[in-house]
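Contents: one structure, followed by commentary.
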Amino acid sequence: MPRRLRLRRRLPCLGVVLLLAAVLTGCGEKPLPVPELPTGSLSQKQYEDAFPRAAQGLAARYGVGRDLDSDAGAARQAEHVAGLQRLLRDWATRLDSLHPPEPAVAPQARYVAGIRSFAADLDRARTALEHGDVQAANALLSTGRIVSARTRADLLAARRGFHALGYHLQDLDRAPVKTD
């Protein structure tokens, strides 16, 4: 099969998008309800427990936990990316509502900024898909070029900050994008 046809058939939901969907859906488990998050000041342990719950159920809510059919058109793929963007923005808002111990406030702010920035980064792929350019969207998503320098910097700073404080946050190093 010629390379051009293979690229057209590949879904743009590769690489970072598939990784994010897998992380946020619990890697194929049945959909979880969106849980209530704790309010008020949290201890490190409470924050570590609440952090992954902030994303639970969001993939099902926005319809992005399922794989797209191999023949999904550009419009359907654009809808999928838009759903992912809504998921990311909701997740960022939910994380931002958590009140970690004072030393973790700055890393949390950077992580939330990174998630929001990644949602904005996906505009380029969605725009390409809305114009029917699956190949351009694929190039952005499969190569990682979709991730802006700002997104990468925020996520790296957040991860380093959390690690330096000894936080063990589920999927911290994989979602929304792998940056190591």
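Whether any residue in region 88-102 is surrounded by 15 or more Cβ atoms within 10 Å (Cβ to Cβ) and hydroxyl-bearing (Ser, Thr, Tyr) is what I want to check.
no
Every residue, every condition in (1) modelled with pLDDT of 95 or more; (2) in contact with a Cys (Cβ under 9 Å, 6 or more places away or on another chain); (3) closer than 15 Å to Ala54 by Cβ; (4) small (Gly, Ala, Ser), yes or no:
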{"position": "Ala74", "(1), (2), (3), (4)": "no, no, no, yes"}
{"position": "Glu79", "(1), (2), (3), (4)": "no, no, no, no"}
{"position": "Ala82", "(1), (2), (3), (4)": "no, no, no, yes"}
{"position": "Pro101", "(1), (2), (3), (4)": "yes, no, no, no"}
{"position": "Pro107", "(1), (2), (3), (4)": "yes, no, yes, no"}
{"position": "Asp123", "(1), (2), (3), (4)": "yes, no, no, no"}
{"position": "Glu130", "(1), (2), (3), (4)": "no, no, no, no"}
{"position": "Val134", "(1), (2), (3), (4)": "no, no, no, no"}
{"position": "Ser142", "(1), (2), (3), (4)": "no, no, no, yes"}
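Kindly provide the set of residues from region 110-127 that are over 14 Å from Val177 (Cα atoms) and without any contact (Cβ under 8 Å) to a residue 40 or more places away in the chain, ordered by number.
Of everything in region 110-127, those that are over 14 Å from Val177 (Cα atoms) and without any contact (Cβ under 8 Å) to a residue 40 or more places away in the chain turn out to be Asp123, Arg124, Thr127.
Which residues, counting only those in region 120-131, are of a type outside the set (D, E, K, R), closer than 13 Å to Leu84 by Cβ and surrounded by fewer than 22 Cβ atoms within 10 Å (Cβ to Cβ)?
Of the residues in region 120-131, the ones of a type outside the set (D, E, K, R) are 120, 122, 125, 127-129, 131.
Subset that is closer than 13 Å to Leu84 by Cβ: 120, 122, 125, 129.
Once the filter is applied, which keeps residues that are of a type outside the set (D, E, K, R), closer than 13 Å to Leu84 by Cβ and surrounded by fewer than 22 Cβ atoms within 10 Å (Cβ to Cβ), region 120-131 yields only Ala120.
With the requirement that a residue be part of a loop (DSSP other than H, G, I, E, B) and not hydroxyl-bearing (Ser, Thr, Tyr), what does region 63-85 give you? Spell out the reasoning first.
Taking region 63-85 first, the residues part of a loop (DSSP other than H, G, I, E, B) are 63-73.
The answer is Gly63, Val64, Gly65, Arg66, Asp67, Leu68, Asp69, Asp71, Ala72, Gly73.
Report whether or not Ala149 is among the aliphatic types (A, V, I, L, M), more than 15 Å from the chain's Cα centre (by Cα), more than 17 Å from Gln85 (Cβ to Cβ) and modelled with pLDDT under 95. Lay out the reasoning, then the answer.
Values: among the aliphatic types (A, V, I, L, M): yes; more than 15 Å from the chain's Cα centre (by Cα): yes; more than 17 Å from Gln85 (Cβ to Cβ): yes; modelled with pLDDT under 95: yes.
Answer is yes for this residue.
From the list Val134, Val147, Val105, Val81, which residue is without any contact (Cβ under 8 Å) to a residue 24 or more places away in the chain and either within 28 Å of Gly166 (Cβ to Cβ) or surrounded by 20 or more Cβ atoms within 10 Å (Cβ to Cβ) (or both)?
Details: Val134 fails: without any contact (Cβ under 8 Å) to a residue 24 or more places away in the chain; Val147 fails: without any contact (Cβ under 8 Å) to a residue 24 or more places away in the chain; Val81 fails: without any contact (Cβ under 8 Å) to a residue 24 or more places away in the chain.
Criteria check complete, one pass: Val105.
Six or more apart or on different chains, Cβ under 6 Å: which pairs go from a residue in region 53-64 that's touching a residue at least 24 places away in the same chain (Cβ under 8 Å) to one that's among the acidic types (Asp, Glu)? Could you list them?
Sorted first by the residue in region 53-64, then by its partner, the pairs are Leu58/Asp90.
Are there any pairs, at least 6 apart or on different chains, whose C-beta atoms fall under 8 Å, with the first in region 23-41 and on the phi > 0 side of the Ramachandran plot and the second modelled with pLDDT under 90 and surrounded by 12 or more Cβ atoms within 10 Å (Cβ to Cβ), and if so, which?
Gly26/Leu32; Gly28/Ala22
The values are calculated or read from the model by the stated rules, or taken from the named source; none is laboratory data. Since the structure is predicted, the reported quantities are computational estimates derived from the model, not experimental observations. No Cβ is skipped: glycine too gets one built from the backbone with ideal geometry, and neighbour counts run over all protein chains shown.
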